[in-house]
1. Regarding Lys72, is this residue closer than 17 Å to Ile179 by Cα, buried (at least 16 other Cβ atoms within 10 Å of the Cβ) and either away from the ligand (no atom under 16 Å from the Cβ) or of a type in the set (Val, Ile, Thr) (or both)?
2. In the set Lys115, Lys175, Lys92, which member is surrounded by fewer than 18 Cβ atoms within 10 Å (Cβ to Cβ) and among the charged types (D, E, K, R)?
3. Quick one: count up the residues across the range 214-263 that are among the small types (Gly, Ala, Ser) and touching a helix residue (DSSP H, G or I) at 6+ places or on another chain (Cβ under 6 Å).
4. Does the range 213-227 include one or more residues that are touching a Lys or Arg at 6+ places or on another chain (Cβ under 6 Å) and either at pLDDT 95 or above or not assigned by TED's automatic domain parsing to the domain that holds Lys116 (or both)?
5. Would you say Cys133 is surrounded by 23 or more Cβ atoms within 10 Å (Cβ to Cβ), touching a strand residue (DSSP E or B) at 6+ places or on another chain (Cβ under 9 Å) and over 21 Å from Ser184 (Cβ atoms)?
6. Yes or no: Glu136 within 19 Å of the chain's Cα centre (by Cα) and assigned by TED's automatic domain parsing to the domain that holds Asp196?
7. Assess whether Tyr45 counts as being closer than 17 Å to Phe87 by Cβ, out of contact with any strand residue (DSSP E or B) (no Cβ under 8 Å at 6 or more places or on another chain) and among the aromatic types (Phe, Trp, Tyr).
8. Run down Leu120, Leu142 and say which single residue is crowded, with 21+ Cβ neighbours inside 10 Å, touching a residue at least 40 places away in the same chain (Cβ under 8 Å) and within 15 Å of the ligand (Cβ to nearest atom).
Amino acid sequence: MKKYAVIGNPIGHSLSPAMHNAAFKAMKVDAKYEALEVERLDRAYDHLRKTYAGINVTIPHKVEIMGYIDEKEMAADLIGAVNCVDFNEAAKGYNTDMYGAVDALMSEVPKLKNKKVLVLGAGGAARAIVYGCVLEGCRVSLHNRTAEKAKELSKEVLDKIAKKVAVVDEVDLSKIDVIINATSMGMRPNNESPLDVQIPSSAVVMDIVYNPLETKLLKQAKAAGARTIDGVEMFVLQGAESQRIWGYDPPVDVMRKAVLAKL
Ligand code: ATR
């Protein structure tokens, strides 16, 4: 039997085992996926390499894992974080958050090229989303509570791939096609929204927060008549991308149902 795991600390509440095991079951694949609390990666790595066919990596090991693997794919290298490793002959690291975010967006906006996208936040999730959108040809602007962090990310994107990301201090939604919340605002138990301005009905609003599934931001968006993409979509689609990396053709609907059943 092939073994897979998500490693992190803490890891107890991870929805990944339910999602991936549901996929394996539906595909009739003899594999098992578990959640593994790893405190020290230096002590755990050799065991992981020997035991698992692949792993997902979450906080706090996403950056440190890059020092152990043999190769990195383009997105992982750009974003500077690995959340999926394929333990084949070589241990190869990927960042599936970027693909999950783009796939989730494309469910409502199939043609992303030249779309005006406002990203809220400048942390790890925002990095994956900003690079994903920029590589798809979107015109990205970035707003963050700590403006300095947004400026750093914008400068980095310019240096690495020669694309401009505008940093905005004041949010102006009048010309925005897509709004993405990449902050942790709205996560239970804090019922907060990152936006206090009217959302245009023509906008598509995506949230990375999936607990609660309908955040305050998504409620505002729906009330304004805008289309929404909830946080489960990006979570499931990054998981589906991990499955593809490990060589499977994942049943996305089954994975989505398994996650929703846990929420
Ligand atoms: P992640 O890896 O999930 O992106 P992170 O790196 O801790 O997590 O980033 C969290 C993001 O949410 C940051 O952009 C943070 O803003 P700051 O850079 O100013 O800290 C944002 N954030 C979290 N709580 C917030 C709040 N109450 N108001 C505004 N922004 C908030």
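The values are calculated or read from the model by the stated rules, or taken from the named source; none is laboratory data. Not measured: the values here are computed from a predicted model. Here the Cβ is made from the backbone with ideal geometry for all residues, glycine too, and neighbour counts use every protein chain on show.
1. Judged against the criteria, Lys72 is not a match.
2. Only one candidate passes the filter, namely Lys175.
3. Let us first name the residues in the range 214-263 that are among the small types (Gly, Ala, Ser), namely 221, 223-226, 231, 239-240, 242, 247, 258, 261.
Of the ones still in play, those that are also touching a helix residue (DSSP H, G or I) at 6+ places or on another chain (Cβ under 6 Å) are 239-240, 242, 258.
Count: 4.
4. no
5. Working: surrounded by 23 or more Cβ atoms within 10 Å (Cβ to Cβ): yes; touching a strand residue (DSSP E or B) at 6+ places or on another chain (Cβ under 9 Å): yes; over 21 Å from Ser184 (Cβ atoms): no.
No.
6. So Glu136 fits the description; yes.
7. Yes, satisfied.
8. Of the residues listed, the single one that is crowded, with 21+ Cβ neighbours inside 10 Å, touching a residue at least 40 places away in the same chain (Cβ under 8 Å) and within 15 Å of the ligand (Cβ to nearest atom) is Leu120.
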